[in-house]
């Protein structure tokens with residue numbers, strides 16, 4: 001009988017199997033050896049990253065793509081600290097992760113042992129929950145709880161710190177579905193009285209606007225959002241992370257709102273008499289100056305997280321529950337609204353203030369994205385880094401499907417775009433190509449994962465949109481700081497084509513707008529693993545429209561101002 | 001910075017009795033630069049849970065937000081603002097006062113008035129124990145200030161709902 005007793009590491013792998021985990025992303029080290037040893041005999045596939053931050057973004061990309069929990073496995077000390085940026089990124093965007101960090105042996109805790117760090121202490125504020133396991137017999141319950149917490153309610157990362165002796169010691173406790181979580185509740189339906197009140201407000205609206213956020217996508221409520229929009233004939237705008245939940249090509253779609261959103265979406269927010277936030281949390285990128293946001297409007301807010309109630313602004317009705325279930329409650333209680341005049345007004349704005357970009361001059365990032373949208377007919381998975389290229393992707397790529405556009409929204413983590421494409425490619429079951437849209441700045445933060453993409457022959461098209469600047473910061477310095485370009489010049493960028501080739505990845509290059517379609521087609525047709533395209537773009541181009549941080553939405557700027565602007569008062 | 005003129009709020013929590021819970025709670029306050037004025041923790045009749053009472057000052061809107069962010073923590077069963085509710089509220093303080101044998105009678109009179117008791121006494125000092133609500137303890141302390149207070153320590157507030165229901 002004795003040989004049937006599993007050790008802690010084997011118990012964890014059995015739990016992962018029971019949770020349906022097929023792939024994990026990680027990097028070994030001294031304390032983690034028992035787990036990697038157990039993995040040697042396991043069917044679970046390990047994707048070996050080149051840096052733990054990379055592994056965490058990969059698991060994040062996998063989770064965003066599949067809706068399942070992404071699993072990370074790293075060693076103690078620096079292995080664990082390197083995951084923190086990735087964990088924070090997942091936390092800010094409600095992405096379900098289980099992060100397994102190995103730890104020094106229990107008796108060494110608190111003694112500054114080699115590669116010991118207080119991992120759970122360091123991560124308290126950036127996880128949904130965490131555990132420090134002291135007894136291998138707790139593992140079956142803790143693993144069960146961790147997966148449950150990560151993916152229910154408002155999803156998020158759960159960290160489990162695993163001392164090496166817990167990994168090596170025997171676990172005699174049975175596998176279990178029982179959990180000990182007396183303080184944890186998963187919201188479902190909203191209160192019926194709140195639904196009735198919301199329905200009444202909706203029925204009285206002449207100028208309704210739906211504001212769709214990530215919560216709607218996570219909840220899988222695309223169909224319900226569309227049904228509601230069509231039933232009450234209301235225009236729909238999306239946050240960055242909400243894009244794709246409601247199809248961009250729908251006549252009622254206004255695209256993204258907020259700091260770099262469309263003029264018509266932002267005008268609609270100002271003019272609407274009802275703002276119905278569906279799984280969005282009124283981030284400062286959306287509201288601009290909060291005091292002036294939605295002044296003319298009633299506000300209804302659906303959120304699964306009770307702590308979002310009144311956090312930024314006080315809605316007329318807060319519907320606490322899961323977006324999909326709440327919309328199903330609400331749908332039978334609303335009927336068609338007379339919004340023809342409202343939609344007509346919006347159509348005139350759409351015609352008057354379309355998104356556009358200059359056609360003259362050098363290669364434009366906007367043109368790359370627009371062409372990509374057209375060539376793929378929107379049937380593509382995009383993981384995007386952070387900066388100007390990200391905003392142009394949000395503006396010029398028509399996302400018609402949920403879970404096709406992956407962004408680090410809340411955290412704005414540079415370095416996210418490329419490794420997350422590796423996770424997305426592994427989890428991708430759509431058959432569509434995966435594009436990693438990165439700037440020259442962010443790509444250089446995590447490009448060591450080129451070997452990971454190469455070795456797994458992942459079909460990723462890495463589009464490096466290179467303007468040899470940290471473009472978004474340069475834009476601010478241009479507009480608000482007298483063009484005093486300080487530490488934004490990325491002089492010294494490598495030859496990205498040669499760099500790819502050094503990893504055995506073919507590289508292509510484009511320098512003119514006229515070359516874009518051809519080179520993108522070439523990249524799409526390539527089917528032997530990753531390929532990189534280096535776009536040498538216009539160096540000084542600015543993203544418009546733009547609402548300066550902290551300013552009212554009505555201060556939207558649509559082209560380079562002729563006069564010097566005041567420094568923004570809002571955060572970053 | 002917490003403005004000292006802002007109103008005190010008494011927050012009572014029922015939490016899972018697990019390591020790290022206190023840190024998680026403290027971090028929700030410190031993230032916003034808020035200070036915890038006093039804190040009491042003790043296990044409940046059911047040893048799987050603890051009860052905590054926290055007193056903090058600040059903008060009521062922000063404290064309200066802090067409380068729902070506390071409730072969001074996985075290990076917190078509930079967190080409630082009990083300020084202005086019908087509760088029994090008690091604190092205990094120990095006050096060590098320097099006093100000569102001549103001054104002793106006056107101190108003991110004060111002690112008697114506040115229903116405090118003497119828990120230690122020597123040639124030149126006397127240590128008093130007082131229980132009651134915050135105002136009573138503040139009042140006694142301020143009256144004792146005409147003598148030299150050597151040391152003063154005070155528990156946080158323990159709170160219990162009046163009536164049959166559990167806090």
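The values are calculated or read from the model by the stated rules, or taken from the named source; none is laboratory data. Note that the coordinates shown come from a computational prediction; the quantities given were computed from them, not determined experimentally. Glycine gets a Cβ as well: all are built from the backbone with ideal geometry, and neighbour counts include every protein chain shown.
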Open item on the list: Residues to consider are A:337, A:327, A:319; find the one that is in a loop (DSSP other than H, G, I, E, B) and assigned by TED's automatic domain parsing to the domain that holds residue A:268.
Closed with: A:337
TODO: Specify which of the listed residues (A:276, A:264) is outside any helix (DSSP H, G or I), closer than 17 Å to residue A:342 by Cβ and modelled with pLDDT of 95 or more.
DONE: A:276
Open item on the list: Could you tell me how many of the residues in the stretch B:53-95 are more than 10 Å from every other protein chain (Cβ to nearest Cβ) and free of Cβ contacts under 8 Å to residues at least 12 places away in the same chain?
Closed with: 1
Task: Restricting the stretch B:20-35 to residues that are within 11 Å of chain A (Cβ to nearest Cβ) and crowded, with 19+ Cβ neighbours inside 10 Å, the residue that is nearest to residue A:132 (Cα to Cα) - done: B:21
- [ ] May I ask you to list the residues in the stretch A:140-168 that are more than 21 Å from residue A:92 (Cβ to Cβ), within 13 Å of chain B (Cβ to nearest Cβ) and not in a helix (DSSP H, G or I)?
- [x] A:161
Open item on the list: Restricting to the stretch A:503-514, give me the number of residues that are surrounded by fewer than 17 Cβ atoms within 10 Å (Cβ to Cβ) and touching a residue at least 40 places away in the same chain (Cβ under 8 Å).
Closed with: 3
Task: Residues being within 12 Å of chain B (Cβ to nearest Cβ) and either buried (at least 19 other Cβ atoms within 10 Å of the Cβ) or within 21 Å of the chain's Cα centre (by Cα) (or both) - total across the stretch A:313-323 - done: 2
Open item on the list: With the requirement that a residue be assigned to a loop (DSSP other than H, G, I, E, B), touching a strand residue (DSSP E or B) at 6+ places or on another chain (Cβ under 6 Å) and away from chain B (no Cβ under 14 Å), what does the stretch A:169-185 give you?
Closed with: none
Task: Residues within the stretch A:296-316 that are free of Cβ contacts under 8 Å to residues at least 24 places away in the same chain and assigned to a loop (DSSP other than H, G, I, E, B), tallied - done: 3
TODO: Would you mind stating whether residue B:40 is at pLDDT 95 or above and within 9 Å of another protein chain (Cβ to nearest Cβ)?
DONE: no
TODO: Could you tell me whether residue B:126 is touching a helix residue (DSSP H, G or I) at 6+ places or on another chain (Cβ under 9 Å), touching a residue at least 24 places away in the same chain (Cβ under 8 Å) and part of a helix (DSSP H, G or I)?
DONE: no
TODO: Looking for whichever is away from every other protein chain (no Cβ under 14 Å), surrounded by fewer than 18 Cβ atoms within 10 Å (Cβ to Cβ), in contact (Cβ under 8 Å) with a residue 12 or more places away in the chain and touching a strand residue (DSSP E or B) at 6+ places or on another chain (Cβ under 8 Å) here; the options are B:118, B:101, B:131. Which one fits?
DONE: B:131
Open item on the list: Here is a list: A:16, A:39, A:35. Which entry is outside the structural domain of residue A:415 (by TED's automatic domain parsing) and closer than 17 Å to residue A:456 by Cβ?
Closed with: A:39
